[in-house]
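Q: Input: one structure, supplied below.
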Amino acid sequence: MIIGILAIQGDFIEHKKALDTFGVDSVFVKYPEELDAIDGLIIPGGESTTISKLAKKWGLFEKIKEFGKPIMGTCAGAILMASRVLNEFDQEEDIPFGLIDMTVKRNAFGRQIESFETKLNFNGKEFTGVFIRAPKIIKHGKEVEVLIKYQDSPVMVKQGNRLALTFHPELSPDSLLIHEYFIDLVKAK
Ligand code: GLN
């Protein structure tokens, strides 16, 4: 089993370190053909507009849409997983891959609390959720399962073998349980 990490822009190195702690092989993905050799894909946080633009330019956009295997998108990655993206002025942005039936609003927490940490709960375990200029999932379809909520809104969702989370699981040692969950998803296929 080998997990690919989209390495266009953002904190892909931290995701590699997270996978290393579980002894899972991983590779950075920059070229479309590299998607053929992996069993799952992580789309990291960063700047969603940049990642989307370069993914189109480098021929990755369509291939990621058709990938079919498990994908986990975190923060900017979650924005890219959405079917619809709004910016902070509620204008639609043509950037997502359309992998989960949800509408995501970018930079939705405003300037005052751009970044924060809070305790979240997953499967009965408490961990630290690190939010950095985080988006909000403001709407989702019936087939989307909400796995974690914060202040009554979803911060981690699942549709089939695709996961999207609006925080950064790679940035706190106690939140690596999210990587563990994704690794199991890739193993189960
Ligand atoms: N604000 C970024 C965006 O809209 C996401 C921030 C992040 O990934 N930490 O793309």
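Any read-out appearing in this document is the output of simple, stated calculations on the displayed coordinates, not a laboratory observation. Since this is a predicted model, take the numbers as computed values, not measurements. Here the Cβ is made from the backbone with ideal geometry for all residues, glycine too, and neighbour counts use every protein chain on show.
Q: Residue by residue through the range 14-50, note down the ones that are closer than 19 Å to P135 by Cβ and out of contact with any strand residue (DSSP E or B) (no Cβ under 7 Å at 6 or more places or on another chain).
A: E14, G46, E47, S48, T49, T50
Q: Right, something else. Do any strands (runs of 3 or more DSSP E) entirely within the range 119-189 hold 2 or more residues that are over 16 Å from L41 (Cα atoms), and if so, which?
A: Numbers: elements: 125-132, 136-140, 145-150, 153-159, 162-165.
Of the strands (runs of 3 or more DSSP E) lying wholly inside the range 119-189, those with at least 2 residues that are over 16 Å from L41 (Cα atoms) span 125-132, 136-140, 145-150, 153-159.
Q: Which of the strands (runs of 3 or more DSSP E) contained wholly in the range 1-94 include at least 2 residues that are over 30 Å from F109 (Cα atoms) and of a type outside the set (D, E, K, R)?
A: Values: elements: 2-6, 25-29, 40-43, 71-74, 84-86.
By residue number, 2-6, 25-29.
Q: So, one more: Quick test for you: out of T74, T21, T50, pick the one residue that is over 21 Å from I138 (Cβ atoms), touching a residue at least 12 places away in the same chain (Cβ under 8 Å), within 13 Å of the ligand (Cβ to nearest atom) and of a type in the set (S, T, Y). Working first, answer last.
A: Numbers: T74 fails: over 21 Å from I138 (Cβ atoms); T21 fails: within 13 Å of the ligand (Cβ to nearest atom).
Result of the check over T74, T21, T50: T50.
Q: Pick out the one residue from F109, F116, F97 that is more than 9 Å from the ligand (Cβ to nearest atom), of a type outside the set (D, E), out of contact with any Asp or Glu (no Cβ under 8 Å at 6 or more places or on another chain) and not in a loop (DSSP other than H, G, I, E, B). So that I can check it myself, show each step before the final result.
A: Working: F109 fails: not in a loop (DSSP other than H, G, I, E, B); F97 fails: not in a loop (DSSP other than H, G, I, E, B).
Just one listed residue meets the conditions, F116.
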